[in-house]
Amino acid sequence: MDKVLIFDTTLRDGEQALSSSLSVKEKLVIAHTLAKLKIDIIEAGFPVSSPGDLESVRQIANNVEGPIIAGLARAVKADIDACAEALKDCPRPRIHTFIATSNVHVESKLRKGYDEVVNMAVDAVKYARNFVDDVEFSCEDAGRTDRDMLCRVVEEAIKAGAKTINIPDTVGYTVGYEFGDIIKDVFNRVPNIDQATISVHCHNDLGQASANSLMAVLNGARQIECTVNGLGERAGNCAMEEVVMAMNTRKDIFGVETNIITEEIVPASRLISKICNTPVQPNKAIVGATAFAHSSGIHQDGVLKSRNNYEIMTPESVGLSANQFHLTSRSGRHIIKHRLSLLGYEENSYDLDAFYVKFLALADKKGTVYDDDLEAMMEIDGEDSDRFKMTFLNTTSGTGSVPTATIKIIDANEEEKEIQEAATGDGPVDAACKAIDRVVGYSVKMVDYNLTGMTGGRNALGEVKIIAEHKERRYHGSGSSTDIVEASALAYLNVINKVARMEGIEKIKENRA
Ligand code: KIV
Ligand code: ZN
């Protein structure tokens, strides 16, 4: 099967659109994550744009093993020199040089004639070839470029030594059949096209970036430029996860494969979203929080009968766990019974109809019902039987001091013994959670933290709601206090108590088996 190379520009096109730029350290973490995904080419930055950018391209080039590392350069010597400098010790360097070729850009941005633009492209490619063998040339705004001009500049750039020719839809203007036709034309009309790989780089202004990139693949493109989560200029770039999973899921149509380890997609998406401080829209294809969550009763029932009914790819294939059911008031009895059986409750040990009535009442109030809510409704334990109770909390923090928390907790399973622990952390909340971890002997992974003021004024009661994960199960906890650190510690302990209860159930289940 033909390979489509994945060229990731999260660190260049993606980064240039962030409201605050990333540090060298953050860029290195992202580059290592991309290498783990088995991205073929990482565009690490635009070295001439700042000394910091040059340094981060250098660091990535020298430290990240596996992918080709590319630096971006306009078709001018100074830019190419900066790229060459940043990539000089790189085992697999690429210089990516570009110039605009559309009428509108040539006339009103570059203010040059077409011949001059072609000459600049040729000179840039030849100059870059003095430093590296692997030179990519891009015709910026190719989507709006006259076809004769496009074919001419592509032919000349290949003659000058470009090994990859990139056809960007810089302003996300084209639609599928049209962009596919541009690629087809380039293949039909450029005589030396067999000497280069054709790449595409689509922006998402009309929401067509992934579709256009895929149309290009159907017409012979063998490199897609994209970003994780579709980050990028304006409406973003083509989303890596979308095109990779489309080619993976529809091999029958595309007949191509990529090198991407798809199970790393969601972990990479979450990490990059966090580092870039850019949340992913919940229903975003492939990586959104609800992309694999089944909510309606009909869908949940269908998936339980056969996942194939409503899943065109498995959650596991993108790195999620299999359990993606959202229990809401739209969920039916079947899924509730299924969840309860996974939690260890035999069907004949409770009255499903009566339980379902209670479930609906809670779901109407709460929206989403979690496993621990189901468990609480089973009345195995009530809130008053919490194993751990906090009796004392003292935190210190401030500019120049290390945030520290001292905590006392009573453990009902240890004859009401009061245990004291202290910890430091990344702030008083983190310190308090770490002190709690020390007392109870395990920790949970915080997935979401939300603080709201429940009353007005400076002495407002703060309510903290958290979602945390333990052994692939999600728990939610809440706590309120006029002291927001205490509210956070109470919410965390609330989760810890739910985990303790759940662990008990697992033991009961084990004993039964
Ligand atoms: O969108 C674009 O045209 C670009 C080029 C520099 C490849 O980002
Ligand atoms: Zn771009």
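Cross-link partners among aspartates and glutamates for Lys417, C-alpha distance below 20 Å, same-chain residues fewer than 8 apart left out? Leaving aside aspartates and glutamates fewer than 8 places away in the same chain, those within reach of Lys417 are Glu383, Asp384, Asp386, Asp437.
Placing unit charges on each Cβ (+1 for Lys and Arg, -1 for Asp and Glu) gives the chain a dipole about its Cα centre, and among Gly400, Val117, Thr278 the Cα reaching farthest toward its positive end belongs to Val117.
Each of Arg339, Arg234 was scored by other Cβ atoms within 10 Å of its Cβ. Listed from fewest to most, they are Arg234, Arg339. I'd like the orientation of helix 77-86 relative to the chain: the angle between its Cα long axis and the longest Cα principal axis, in ° from 0 to 90, rounded to 10. It is inclined by approximately 40 degrees. How many percent of DSSP beta bridges within the chain run antiparallel, rounded to 5? Around 50 percent antiparallel, to the nearest 5. The alpha-carbon of Lys88 sits under 27 angstrom from the alpha-carbons of these lysines, leaving out residues fewer than 8 places away in its chain: Lys25, Lys27, Lys36, Lys38, Lys77, Lys126, Lys159, Lys163. The 3J(HN,Hα) values that the Karplus relation (6.51, -1.76, 1.60; θ = phi - 60°) gives for the range 3-13 are, in residue order, 9, 10, 7, 9, 9, 9, 10, 4, 7, 10, 5 Hz. Gly and Pro appear as x. For the chain, find the longest principal axis of its Cα atoms and tell me its angle to the long axis of helix 240-249, 0 to 90°, nearest 10. It is inclined by approximately 90 degrees. Using the Karplus relation 6.51 cos²θ - 1.76 cosθ + 1.60 with θ = phi - 60°, the per-residue 3J(HN,Hα) values for the range 405-413 come to 10, 10, 9, 10, 9, 9, 9, 4, 7 Hz, with x marking Gly and Pro. About its Cα centre, the dipole of the range 388-512 is roughly 340 debye, where the only charges are +1 on Lys and Arg Cβ and -1 on Asp and Glu Cβ.
Magnitude of the charge dipole for the chain, about its Cα centre and with charges confined to Cβ atoms of Lys, Arg (+1) and Asp, Glu (-1), is about 380 debye. Computed from phi, the 3J(HN,Hα) profile of the range 27-35 under the Karplus parametrisation 6.51, -1.76, 1.60 (θ = phi - 60°) reads 5, 5, 4, 5, 4, 5, 5, 5, 5 Hz, with x in place of Gly and Pro. Kindly list the residues of the range 207-236 that lie in the label zone of Asp2, defined by a backbone N under 13 Å from the point 7 Å along the Cα-to-C-beta vector. So the set is 214-224. Remark: C-alpha extents of the range 293-380 on the principal axes read 37, 26, 21 Å, sorted largest to smallest. Look at the dipole of the chain built from charges on Cβ: of Asn248, Gly45, Ala157, the Cα furthest out on the positive end belongs to Ala157.
Under a Cβ-only charge scheme (Lys and Arg +1, Asp and Glu -1), can you give me the dipole magnitude of the range 293-380 about the Cα centre, in debye to the nearest 20? Could the numbers behind the result be given before it?
On the way: 9 positive and 13 negative charges, 70 e Å.
So the magnitude is around 340 debye.
Give me the angle, in degrees from 0 to 90, between the Cα long axis of helix 333-342 and the longest principal axis of the Cα atoms of the chain, rounded to the nearest 10. On a 0 to 90 degree scale, this one is about 80.
Simple rule: put +1 on each Lys or Arg Cβ and -1 on each Asp or Glu Cβ in the chain, find the dipole, and look at Asn494, Thr174, Phe355; the Cα lying farthest toward the positive end is Thr174. Which of the GluC sites (Glu not before Pro) found in the range 1-75 are loop residues per DSSP with 15 or fewer other Cβ atoms within 10 Å of their Cβ? When the GluC sites (Glu not before Pro) of the range 1-75 are filtered for loop state and at most 15 Cβ neighbours within 10 Å, Glu65 remain.
In vacuum, with every alpha carbon of the chain counted as one equal point scatterer, what does the Debye formula give for log10 I(q)/I(0) at q = 0.12 Å⁻¹? Two decimals, please. Relative scattering, expressed as log10 I(q)/I(0), comes to -1.08.
You can think of it this way: the chain between Ser306 and Asp364 has 18.1 nm of extra reach, that is 0.36 nm per residue less the Cα-Cα gap.
In terms of surrounding Cβ atoms within a 10 Å radius of their Cβ, Asp169, Asp364 rank from fewest to most as Asp364, Asp169. Here the gap between Lys471 and Asp81, fully extended at 0.36 nm per residue and compared with their Cα-Cα distance, gives a gain of 135.3 nm.
For Lys365, the lysines whose Cα falls under 19 Å of its own Cα, not counting residues fewer than eight places away in the same chain, are Lys465. Among residues other than Val440 with Cβ under 10 Å from its Cβ, the summed charge is -1 (Lys and Arg +1, Asp and Glu -1). DSSP beta bridges confined to the range 2-276 are antiparallel in about 5 percent of cases. Each of Met390, Met377, Met245, Met1 was scored by other Cβ atoms within 10 Å of its Cβ. Arranged with the fewest first, they read Met1, Met377, Met390, Met245.
Would you mind calculating the gained length between Lys389 and Asp89 on full extension (0.36 nm times residue separation, minus the Cα-Cα distance), in nm to one decimal? Intermediate results must be reported in sequence, preceding the final value.
Details: separation 300, 0.36 × 300 = 108.00 nm, distance 5.74 nm.
Full-extension gain reported as 102.3 nm.
No lab work stands behind these numbers, since they all come straight from the coordinates. Predicted model, so just to flag it, every value in this text is computed and none were measured. Positions of Cβ are backbone-derived with ideal geometry, glycine not excepted, and every protein chain shown enters the neighbour counts.
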